1. Restricting attention to region 104-141, report how many residues are modelled with pLDDT of 90 or more, under 12 Å from Ser44 (Cβ atoms) and hydrophobic (A, V, I, L, M, F, W, C).
2. Consider region 227-260. How many of its residues are free of Cβ contacts under 8 Å to residues at least 40 places away in the same chain, not acidic (Asp, Glu) and not in a loop (DSSP other than H, G, I, E, B)?
3. Exactly one of these conditions fails for Lys215: (1) part of a helix (DSSP H, G or I); (2) closer than 21 Å to Ala176 by Cβ; (3) of a type outside the set (A, V, I, L, M); (4) within 16 Å of the chain's Cα centre (by Cα). Give me its number.
4. With the requirement that a residue be modelled with pLDDT of 95 or more and either more than 16 Å from Lys231 (Cα to Cα) or surrounded by fewer than 22 Cβ atoms within 10 Å (Cβ to Cβ) (or both), what does region 148-173 give you?
5. Looking only at region 69-103, how many residues end up being crowded, with 19+ Cβ neighbours inside 10 Å, modelled with pLDDT of 95 or more and in a helix (DSSP H, G or I)?
6. Here is a check on your reading of the model: is Leu273 in a helix (DSSP H, G or I), within 24 Å of Tyr27 (Cβ to Cβ), at pLDDT 95 or above and of a type outside the set (S, T, N, Q)?
Amino acid sequence: MNIEVDIGIKISNPFMLASGILDENGYTIKKILESGAGAAVTKSIGMEERRGYEPPVIYENDPVFINAIGLSNPGIENFFEEIKIALMGKKPVIGSIFGKDAEEFSYIARKMEQYGASAVELNLSCPHVNGYGMEVGSDPNLVNEIVNEVKSKINIPVYSKLSPNTSDIIEEAKAAEKSDALVLINTIKAMAIDIKAKKPVLSNIYGGMSGKAIKPVGIRYVYEIKKEMNKKIIGVGGIENINDAIEYIMAGASAVQIGTAIYKYGKNIFNKLNNDLISYMTANHIDNINELTGVALK
């Protein structure tokens with residue numbers, strides 16, 4: 001039975017650690033890989049160290065999870081040791097990166113390649129930091145320039161993580177067409193109010209909503225873009241169990257990323273997903289995971 005997938009790199013199973021969860025420290029990434037993940041994506045890393053927002057930065061009210069961390073990170077020049085340690089997990093490590101323009105993206109991407117990353121994921125969609133993420137991803141011309149520049153400067157695969165908050169995600173996807181895969185979707189811009197304190201719950205007011213509540217939105221965009229472009233897609237958003245993962249795969253995803261669910265179920269969710277996938281495939285007489293990719297497309 002084959003559960004290996006090809007997303008520009010071959011990974012032993014379709015379950016990846018999403019960016020932003022237990023992935024700034026090399027040792028925690030290594031533990032996630034040893035716990036059954038097929039690959040791991042690092043925290044988004046920028047040109048320089050960034051502190052991020054003051055607490056409170058996380059709001060949880062299952063199935064809603066909103067965060068506004070503010071792209072806190074140690075900066076690319078300080079990240080070599082973390083990648084080195086993470087690679088001891090002996091599985092692909094993908095460097096998530098952000099910047100304000102094509103020059104910054106390409107510089108950080110080259111560093112990630114030098115550090116040993118198997119691929120880079122362009123964060124074109126963070127919904128709560130001015131000047132980065134969603135503001136970059138909302139400009140198709142800039143997206144196209146960034147993707148083309150990074151592709152021309154490195155020899156490892158390039159993934160583009162896109163935003164559901166833009167006016168036209170298909171236009172955004174087409175602008176990122178030269179990417180080796182598209183990552184769909186990033187968090188949805190959201191907020192919550194503390195009715196006792198009579199003010200927003202997050203210090204930044206707005207944050208990115210993840211968790212089970214966004215799964216139908218993620219599946220919709222995977223389906224639409226796969227149908228429109230037939231690109232390799234990595235699905236992310238609200239995946240907590242094997243049924244969730246299979247929905248994304250049937251909609252057109254080759255692999256899926258797990259993030260918020262780790263808060264609820266811990267790192268052992270990856271081993272459970274692997275075991276449950278094999279059980280599902282056995283029960284349904286499926287020999288190769290790729291037989292499921294996009295079967296729901298019409």
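1. So the answer is 6.
2. Here the count works out to 3.
3. The one condition Lys215 does not meet is (2).
4. Passing the criteria: Asn148, Glu149, Val150, Lys151, Ser152, Lys153, Ile154, Asn155, Ile156, Pro157.
5. Result for region 69-103: 6.
6. yes
The values are calculated or read from the model by the stated rules, or taken from the named source; none is laboratory data. In this text the structure is predicted, and so the values were computed from the model without any measurement. Glycine also receives a Cβ, built like all others from the backbone with ideal geometry; neighbour counts cover every protein chain displayed.
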